[in-house]
1. Yes or no: I173 more than 17 Å from R330 (Cβ to Cβ), touching a residue at least 60 places away in the same chain (Cβ under 8 Å) and assigned by TED's automatic domain parsing to the domain that holds V269?
2. List every residue pair whose Cβ atoms sit under 7 Å apart, with the two residues 6 or more apart in sequence or on different chains, where the first one lies in the range 72-92 and is assigned by TED's automatic domain parsing to the domain that holds A46 and the second, anywhere, is of a type in the set (K, R) and in a helix (DSSP H, G or I).
3. Would you check which residues across the range 387-423 are at pLDDT 80 or above and of a type in the set (S, T, N, Q) and list them?
4. If you check every pair at least six apart or on different chains, which have Cβ atoms under 8 Å apart with a residue in the range 110-122 that is under 15 Å from V100 (Cβ atoms) and surrounded by 14 or more Cβ atoms within 10 Å (Cβ to Cβ) first and a residue that is of a type in the set (D, E, K, R) and modelled with pLDDT of 85 or more second?
5. The conditions are (1) touching a helix residue (DSSP H, G or I) at 6+ places or on another chain (Cβ under 8 Å); (2) in contact (Cβ under 8 Å) with a residue 60 or more places away in the chain, and Q23 fails exactly one of them. Which is it?
Amino acid sequence: MTRAFLYARFSSDLQDDRSIDDQHAGNRAYCARKDYQIDRIFADRAISGASIVNRPDYLRMVALAAAGECDVIVAEDLDRLSRNLGDVAKLYEQMTFTGVAIETVGDGLINEMHVGLKGTMNALFLKNLVVKIRRGMAGVIRDGRHPGGLAYGYRPIAGKPGELEIEPQEAGIVRRIFREYADGRAPRAIAAQLNAEGVPAPRKSYWLASTINGHNKRKSGILQNELYAGRLVWNRVRMVKNPATGKRLSRPLPESEWQRSDAPHLRIVDDDLFDQVQRRRAERAVAPRNMRATPKRILSGLLRCGACGAGMSKKDVDHGRPRIVCTRMREAASCSNRRSYYLDDIERTVVGGLREELGTREAVAYFVRCYNEERRKRDVGGQTRRQALERELATLDRQLERAVRAIIDGRITEAEAAVHLPALRARRAALAAELAALGIPPTVIALRPAAVETYVADLARLEETLNAGLTQGVDAAANAIRAMIETVTIQPAARGIAPRIVVRGELGGLLGLDPFQMAHHSGGELVAEERLHLTALMDRLPFSFTREARKAA
């Protein structure tokens, strides 16, 4: 009997959730005609087909198919699996290698011609959709409506998409910020005062200097927002999707491509005040200088304040030694931790702790033995839970199918179905998310001797050269150590008492752990994206330790 996996997807949370049921109804009818045994059903709701990242059911399905759990994957059409030509080609290549067929209701068995032609057509559909959306946004600007998200100082008008009106209380704060800046007050001081008064911030829980001042190139921030002067501005950035993460990123466009339209009804500050602020910002702007390259620090971007959880950033240099302080305290004066710390002391404490805890071959081997023992014990319960989830998912799928069939046959009305279907769908989504979080059943982790030797040597090399100009070899060693560390949290302590430092990270890369080996038993070379997707479905050997640093600066 041919074992089949069914897959369905729809793109937007504005679409009808019944689309999933309708797709699977067609998939089931197709399997019945082909005499396929439906083994499992997968669905991703309100997720774009432009990327396979962040689609838990898709990733779980592919991993299980690669492990030989099915013979065929059935979907309504190829664009339900992906609208990205590269992702479709990779899926076809991977499934062909594993011996799993891909079939769609519309085209039957998928071959290279379908991948090439329909994959290209689906990719072009997305590209044309972007053009049409941008054309529609340009029309919104011409109509004097706002095409972007909600801006501070305004509120949407109910029943009139894109139309805004001034929010009086927030508008008063905007005028105050403009006046205080024009009078010579710095954004950092303005933010600190607003935080002290408990004024709600636009998005975060507190005001930052960057919220007020913004980014010069992107023209962001309150002081640069032309909407406050009664001008709508659009097309300042273009959105691109990172193929590795699936996240959308903004890229600034030249000002020549921006689109502007007058909106006098949205004016909050007059032209004289707005222009005065822009002149002062231009005067305060620092001209670009040829800066001498500074040594790369091994903990850049990893430091956290133990009081508020914000990052730590450079405060100043004291006798040639850089000092760090809580960024939230420095930018917004809204953190109780006002102490500064010598960065080289923190670095030495972290590297020294790594050497003591995991700095020898024997220490790493002991860590792995303990981890594997704990993993074996935990997986007994995890495997039981995984089986229970799969059984309940199968039951829910059957209930949903019967409900849809009952509507089609006229045995129940849509109103009656609406009472029960949302709860069933919500329960299925919750179970699918939990099953995806459990990931692929783990295997015992083994050491990769060459990687451990390199790691031990990197630690020794770093400790010898901390706080010095980093050579190319040491720079590579620093990056290897950085890849292991997730966060370095500095816990505040009373004056005169050394702070405690908590280091958290993971050893998966060091140990040569191949996440795909748990779902792929046939061997063969794998692309980086496949490793990335499956790494998200498993544990990566977390570690943590605490050390006492020197006294604060």
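1. no
2. These pairs meet every condition: L78/K118.
3. Selection gives T395, Q399.
4. Close Cβ pairs (under 8 Å, with a partner that is of a type in the set (D, E, K, R) and modelled with pLDDT of 85 or more) amount to I110/E103.
5. Every listed condition holds for Q23 apart from (2).
The values are calculated or read from the model by the stated rules, or taken from the named source; none is laboratory data. Bear in mind that the values here come from a model prediction, so they are computed numbers and not experimental data. Heads up, the Cβs are rebuilt from the backbone with ideal geometry, glycines too, and the neighbour counts pull from every protein chain shown.
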